[in-house]
Amino acid sequence: MDESFSNLPTSYLLGSVPAVVSEEKTPSSQEDGDEQQSTNNWKGVFSISSYTQYFNVDTDVVLNRLISSLYPISGDFFSKIDANPDLYGLVWISTTLVFAIASLGNCATYLMHRRSDHSTSWTFDVSYLNVAACSIYGYVLIVPLAYYFLLQYLGSNASLIRFWCLWGYSLFIFILSSFLLVIPFEFLRWTIILLGGGASASFVALNLRSYINESEITIVVISAFVLQMGLAIFIKMWFFA
Amino acid sequence: MSHSDTIPLHSTSQSDIDEIENLINSNPSSVLPARPPSPPRASIPISSAPIPPPAFIPSNLPAPTNPKTAPVPSVSSAAPKPPLPPRPSGPGGNISASGFGSPPNTLTEPVWDTVKRDLSRIVSNLKLVVFPNPFREDPGKALRDWDLWGPFFFIVFLGLTLSWSASVKKSEVFAVAFALLAAGAVILTLNVLLLGGHIIFFQSLSLLGYCLFPLDIGALICMLKDNVLVKVVVVAVTLAWSSWAAYPFMSSAVNPRRKALALYPVLLMYVSVGFLIIAID
């Protein structure tokens with residue numbers, strides 16, 4: 001985090017608008033932020049420098065984690081993110097998913113109505129965005145929190161950031177499958193969503209099992225699987241009906 | 001406390017009136033004495049002003065420093081964008097009702113002057129940001145002269161255009177568009193800051209708002225012409241233009257290894273706005 005970018009030349013692309021106006025000032029202001037943080041812990045909540053440690057990833061690291069979320073069987077996701085869990089995936093995958101299911105859901109609904117009744121015209125239902133945002137953000141923020149508290153209560157140590165990271169990356173499959181769900185054949189849609197939901201749910205469940213490492217909490221693992229499948233079915237039924 | 005060589009002021013003048021008087025003394029040419037706050041009727045000869053001065057003196061003047069210097073990344077998370085009060089123009093600006101030499105007192109000028117100055121700043125920022133000219137002599141000028149009026153107008157205009165185009169749920173469409181753009185600009189800036197980039201919060205808000213201008217034009221055209229194919233073409237062109245305008249700014253703000261991580265959310269926001277423009281019927 002402290003690798004200073006003031007050594008990098010500002011971009012001299014022709015016609016570009018360089019963003020860094022006073023490079024020499026920002027390292028000192030960063031240090032002030034760190035000093036402040038060490039003296040008063042509560043102030044760290046409102047300072048950006050205390051959250052940059054969760055976004056300390058490069059493009060290739062994020063791509064690597066995205067690809068590994070598509071392989072549900074391997075079960076080594078936690079070992080991959082152990083040194084450097086990131087919240088970038090959580091924020092932007094869930095935002096992309098919200099937008100994807102709201103927009104593609106509208107397209108899919110239109111196409112389905114078009115098949116049954118050739119005279120329907122395109123309408124855009126803006127409430128899809130509201131429902132999508134509430135449900136996806138709610139799910140991906142609250143479920144890992146609940147599991148964190150549950151596992152703390154049951155005695156095994158858990159890390160909230162890693163749980164958020166896991167659930168965030170598990171939503172990537174839904175983005176890909178929502179593109180396929182536009183195809184207006186009901187049987188095909190159910191197949192796609194069950195496959196995608198199953199892959200995502202087993203990704204979550206298997207990684208959780210390898211992380212927890214105790215045999216008497218299989219109910220926790222199973223409930224994670226069921227919840228993820230529930231999310232998949234909800235997406236199908238509300239947005240791609 | 002009143003000096004015999006200057007205009008006699010009321011005896012209940014505050015101490016900073018003395019400071020002002022010193023300024024008046026140092027620049028006796030364009031003097032517009034302001035009336036004291038308490039019950040007034042001091043006999044103040046008004047020198048050359050075309051309009052009467054205001055009826056009170058603000059006790060702390062707006063600091064006559066150039067507001068574009070010394071920016072610090074501010075951390076107000078998810079703050080809504082406030083429209084800023086009009087700023088004094090550069091030193092040497094010759095506003096007709098200027099008070100105290102340099103800088104001119106923007107509180108006493110006519111409203112039309114203020115509006116004209118802000119409009120000209122919006123236009124100049126627009127030209128600098130949205131039409132990047134490779135031979136431009138001062139690439140950083142748009143950054144130093146940032147303001148939030150331009151972005152505010154563009155966002156509200158886009159929301160209104162989308163709302164007019166919609167046939168049902170008009171107010172919800174406006175709310176969604178406005179929230180998406182305003183919160184999106186803030187979140188994009190926070191994203192760059194969190195990735196360890198060097199960016200200044202309000203400069204970034206300002207630039208992202210100005211880069212919305214092509215999409216505004218696209219939305220206006222789509223509102224007037226309702227053919228789907230035309231809409232797709234127009235939105236694609238204006239989307240590419242907006243992204244091209246925003247690209248150099250965002251990509252230079254972060255480490256090159258994280259460039260795609262900073263640019264992807266910008267693309268996502270513009271694509272979602274473009275989709276809203278096409279899809280609103």
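The values are calculated or read from the model by the stated rules, or taken from the named source; none is laboratory data. Source: prediction; values computed, not measured. Positions of Cβ are generated from backbone atoms using ideal geometry, with glycine treated the same way; all protein chains shown enter the neighbour counts. Quick note on the areas: whole protein, heavy atoms, side chains included, nothing else; ligands and nucleic acids left out. Shrake-Rupley method; radii C 1.70, N 1.55, O 1.52, S 1.80 Å.
Hydrodynamic estimate: the Kirkwood radius of the stretch B:141-281 over Cα pairs, inserted into Stokes-Einstein at 20 °C and 1.002 mPa s, corresponds to D of 141 µm²/s.
Residues A:Trp167, A:Trp190, sorted by accessible area with the largest first, give A:Trp190, A:Trp167 [1.4 Å probe; ligands and nucleic acids excluded]. Between the stretch B:167-197 and the stretch A:142-175, how far is it from one alpha carbon centroid to the other, in angstrom? After rounding, the separation between the Cα centres reads 27 Å.
Rounded to 0.05, the FRET efficiency of the A:Leu150 and A:Leu111 pair, given R0 = 41 Å and the Cβ-Cβ distance, is 0.50. The share of C-alpha pairs in the stretch A:114-241 whose separation exceeds 24 Å stands at 36 percent. Charge tally for B:Val168 (other residues, Cβ to Cβ under 15 Å; Lys, Arg +1; Asp, Glu -1): -1. The heavy atoms of A:Tyr137 present about 80 square angstrom of accessible area, all protein chains included, probe 1.4 Å.
Each residue of the stretch B:189-206 was assigned a 3J(HN,Hα) from its phi angle through the Karplus curve 6.51 cos²θ - 1.76 cosθ + 1.60 (θ = phi - 60°); the sequence is 5, 4, 4, 5, 5, 5, 7, x, x, 10, 8, 10, 3, 6, 4, 5, 4, 4 Hz, with glycine and proline shown as x.
Accessible surface computed residue by residue for the stretch B:187-281, with neighbouring protein chains in place and a 1.4 Å probe, gives 33 Å² per residue.
Take each residue of peptide B:248-261, count the partner chain Cβ atoms within 10 Å of its Cβ, and average: the result is 6. The accessible area of B:Asp226, taken with all protein chains in place and a 1.4 Å probe, comes to roughly 110 Å². Accessible surface comparison of B:Arg144, B:Arg257, probe 1.4 Å, protein chains only, largest first: the order is B:Arg257, B:Arg144.
Accessible surface comparison of A:His113, B:His198, A:His118, probe 1.4 Å, protein chains only, largest first: the order is A:His118, A:His113, B:His198. A simple rule links phi to the HN-Hα coupling: the Karplus curve 6.51 cos²θ - 1.76 cosθ + 1.60 with θ = phi - 60°, which for the stretch B:235-242 gives 5, 5, 5, 5, 5, 4, 5, 4 Hz, with x for Gly and Pro.
Between the stretch B:230-258 and the stretch A:47-122, how far is it from one alpha carbon centroid to the other, in angstrom? Cα centres, the stretch B:230-258 to the stretch A:47-122: 21 Å.
For the segment A:65-78, counting C-beta atoms of other chains within 10 Å of every residue's C-beta and taking the mean gives 0. Take the accessible area of B alone and of A alone, subtract that of the pair with a 1.4 Å probe, and the total buried over both chains is about 4100 Å².
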